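Accompanying notes for the structure given below.
The values are calculated or read from the model by the stated rules, or taken from the named source; none is laboratory data. Only a predicted model underlies this, so the values are computations on that prediction, with no experimental measurement involved. Don't worry about glycine lacking a Cβ; one is built from the backbone with ideal geometry, like all the others, and counts go over all protein chains shown. The area values use the complete protein model at the heavy-atom level, side chains included, leaving out ligands, DNA and RNA. Shrake-Rupley method; radii C 1.70, N 1.55, O 1.52, S 1.80 Å.
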Amino acid sequence: MGEKKMSHLPVLFGYHASNLGNSHVPLSLCRHWHNSDRDVSLTVPSADTALGYSWLKPAMSGLAKKFVYRLANPAIPRRIAERHFLKTEKQSPYVYLWAGLSLEIFEEFERRGTTIIIERINCHRHSAQRILQQASEHWNIPVTTAITDKAIEEENRKLDIVDAVFCPSPMVRKSMLENNVDERKLLSTSYGWSPERFPSREKESPNSSRPIFLFAGTICLRKGIPLLLEAWKRADLNAELLLCGSIAPEIQEHYPSLESTKNVRHVSYTRDIGQLYRKTDVFVFPSLEEGGPMVTYEAMAHGIPPLVTAMGGGAIVENTKNGTILPDMDIDAWAQAMTLMVENPDRRREIGNLAQQRSKQFTWQQVAEQRARLLEEHYTGIWKTKEAL
């Protein structure tokens, strides 16, 4: 009897793998799948040298990598990774494709009869276009990176081609249904967080003289920053609002100095966001359009009560239980919710404890297992031994 071989799931991510930002998600999923003896590989254009996983397959390294990135064209590394993936995975019965890849690679695997699984890191672009346009008109702030009709047409073509769509939040799933994506393709899941990234999260943080509210992410219209700033002004609290992230052009133009607003502080970037979470009393995330905001999961893991929109809550926040879900255009509702958090520290701590308990269901290990079971339920041949088929 020959050695048993598992069916293999190849994954393609079209950007450099650093384990920061979006690349943290496929790296986390693949690591846990590999550790659970599920055969997986992750192809990327390039990767940090510290990421020496046997299942991670950079299409470039060394001098070739340096030369390509000097060209400063972000499409070239992705194309190189796509060509490499098409060559190495031409016999694969399944592929798992991530956002930002070309329509051509979808069509090529469709021609080969491959089962195509995709990741939706955000809502359907048609829904996102509508949401951003409404926000632009409401706040009188132009959208600087508008979603084109051509991009929507391409997305619809991809969604017609694919066999399964991972939806990392209820709002992503809703946006797919709004745009007539076949419900049978939709796999409801979540994003998660890594306990190993935050080894000090259980430490008691020193009490600050006044509560600290934290926003983490790009400071832009899409993330609801105009609403947050206006609500903060209206609440006029004896508290501090800490905005952590890069500032988008539309916010720079309409809010020339964020720190000119009372009790607002800006930090452009930190590699150790854990030290900010440990100092934070309330997490605020009024995002208008999201996939599954990892910052919400991470904040809750630190015992921080979240004030979020439905988009900002991902799949983790349960309204009035372990967080508060608020409207995405109501300044008064946000001002009142922030005021209640300042005035009732006992309630704040109670919700924070419940948030931390909830987060324990959303470690990447658990999320990866839930996703693996979804795939195994839908595709009986995936990750099964060839002898069992």
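Observations on the structure shown:
- Residue satisfying all of: in segment 53-71; closer than 21 Å to residue 12 by Cα and aliphatic (A, V, I, L, M); surrounded by the fewest Cβ atoms within 10 Å (Cβ to Cβ) among these: 64
- Checking each residue in segment 194-247 for being at pLDDT 95 or above, closer than 18 Å to residue 348 by Cβ, in a loop (DSSP other than H, G, I, E, B) and open to solvent by 10 Å² or more (accessible area, probe 1.4 Å) picks out 211, 237, 238.
- Residue that is most open to solvent (accessible area, probe 1.4 Å), among those in segment 72-99 that are assigned to a strand (DSSP E or B) and among the hydroxyl-bearing types (Ser, Thr, Tyr): 94
- Pairs where the first residue, in segment 206-220, is more than 17 Å from residue 308 (Cβ to Cβ) and of a type in the set (Lys, Arg) and the second is part of a loop (DSSP other than H, G, I, E, B) and at pLDDT 95 or above, C-beta under 6 Å, 6+ apart: 210/238; 210/239
- The set of residues in segment 248-271 that are open to solvent by 30 Å² or more (accessible area, probe 1.4 Å) and among the polar types (S, T, N, Q) comprises 252, 257, 260, 263, 268, 270.
- Among the residues of segment 151-169, those identified as touching a Leu at 6+ places or on another chain (Cβ under 8 Å) and open to solvent by 10 Å² or more (accessible area, probe 1.4 Å) are 154, 157, 158.
- Of all residues in segment 109-135, those that are part of a helix (DSSP H, G or I) and surrounded by fewer than 17 Cβ atoms within 10 Å (Cβ to Cβ) total 5.
- Filtered residues of segment 170-204 (kept if hydroxyl-bearing (Ser, Thr, Tyr) and within 20 Å of residue 314 (Cβ to Cβ)): 175, 188, 189, 190, 191, 194
Every residue, every condition in (1) outside any helix (DSSP H, G or I); (2) touching a helix residue (DSSP H, G or I) at 6+ places or on another chain (Cβ under 9 Å); (3) among the small types (Gly, Ala, Ser); (4) under 16 Å from residue 97 (Cβ atoms), yes or no:
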position: 138; (1), (2), (3), (4): no, yes, no, no
position: 142; (1), (2), (3), (4): yes, yes, no, no
position: 146; (1), (2), (3), (4): yes, yes, yes, no
position: 150; (1), (2), (3), (4): no, no, no, no
position: 153; (1), (2), (3), (4): no, no, no, no
position: 158; (1), (2), (3), (4): no, yes, no, yes
position: 174; (1), (2), (3), (4): no, yes, no, no
position: 180; (1), (2), (3), (4): yes, yes, no, no
position: 191; (1), (2), (3), (4): yes, yes, no, no
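- Looking only at segment 279-334, residues that are outside any loop (DSSP other than H, G, I, E, B), over 18 Å from residue 221 (Cβ atoms) and either of a type in the set (A, V, I, L, M) or open to solvent by 10 Å² or more (accessible area, probe 1.4 Å) (or both) come to 12 in all.
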